[in-house]
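Heads up, the thing below is written out as structure tokens.
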Amino acid sequence: MPDGQTGVFASDVDLATDLRAAVTVLQSVQLGDGTVSVDPKQVGVAGHGFGAAAAVRAASKSTLLGRPPIELRALAAVFPSPTTADLLPAAATVSAPSLVLSAPGELDSMTGNALVLAAELGGDVVLRTVDDADDRGLLEKFGPKALLGINGADKATHKAVRAQLTGYLLHALTGDERYAAFADPESTMADAIATSVDDADPAALDHLSLLLGAKPPKA
């Protein structure tokens, strides 16, 4: 992954442009001692949070800072976060099949836009809600405890997300039918619950009300 856009004014467009550049390089060079190469027809992109928005833009048909679109076989957006207003129009131009993972309560919130993103993506979409996951559970905290192997990340979230990404990409990129269920939008797998865009409930309050701390009305 490109190591950039980590400051206060990070840009998902800039990160997506870097991601396209990285993919282009990987498709054209020999890796390691020269015996490993990347099949240009088996490439996908994935991102988490802000990085998910960058992955969507990288997979779109938009030209990014002069860098043209690239051919991709799959997209994975893990606990995606909203960025700017033109993200969703860009998502509509994505033709690659997509996996969208959401944490409970983050399908439609100030920090999560999985529901509307899944609805806008142009290709085939699998939307799953990872039960008991934390949308920040993938983040590692570096400090004294990290030296002891305690990095602050949520192991259950890591395990569930890793399984979903592995199975989905093995099917989407290689066509391995043993993992076809991961690309089935109606398949629930343990804690990864199949979620329908049409049936999922949007947030009870608008995002501004949530930002101001308002509580949803009681049923």
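Structure notes:
- Cleavage-rule hits (trypsin sites (Lys or Arg not before Pro)) in region 54-91: DSSP loop, at most 16 neighbouring Cβ within 10 angstrom: LYS61
- Spin-label model distance (nm) - LEU170 vs THR35, 7 Å beyond Cα toward Cβ: 2.4
- Region 21-38 versus region 93-118: alpha-carbon centroid distance in Å: 30
- Region 1-72: C-alpha gyration tensor shape, a/c 1.5 cut-off, then a/b vs b/c: prolate
- Surface exposure of region 30-105, expressed per residue as accessible area with a 1.4 Å probe, stands at 43 Å².
- Length available on full extension from LEU139 to ALA21: 0.36 nm per residue minus the Cα-Cα distance, which gives 40.0 nm.
- Cβ-Cβ FRET estimate between ALA156 and ASP184, R0 fixed at 25 Å, reported to 0.05: 0.60
- D_trans [Stokes-Einstein, Kirkwood Rh over alpha-carbon pairs] for region 8-121, 25 °C, 0.890 mPa s, µm² s⁻¹: 171
- Peptides 158-170, 33-45 ordered by average Cβ neighbours within 10 Å, highest first: 158-170, 33-45
The values are calculated or read from the model by the stated rules, or taken from the named source; none is laboratory data. Treat the numbers as computed from the prediction; the structure is a model and nothing was measured. Don't worry about glycine lacking a Cβ; one is built from the backbone with ideal geometry, like all the others, and counts go over all protein chains shown. Calculation scope for accessible area: heavy atoms of the full protein, side chains included, ligands and nucleic acids excluded. Shrake-Rupley method; radii C 1.70, N 1.55, O 1.52, S 1.80 Å.
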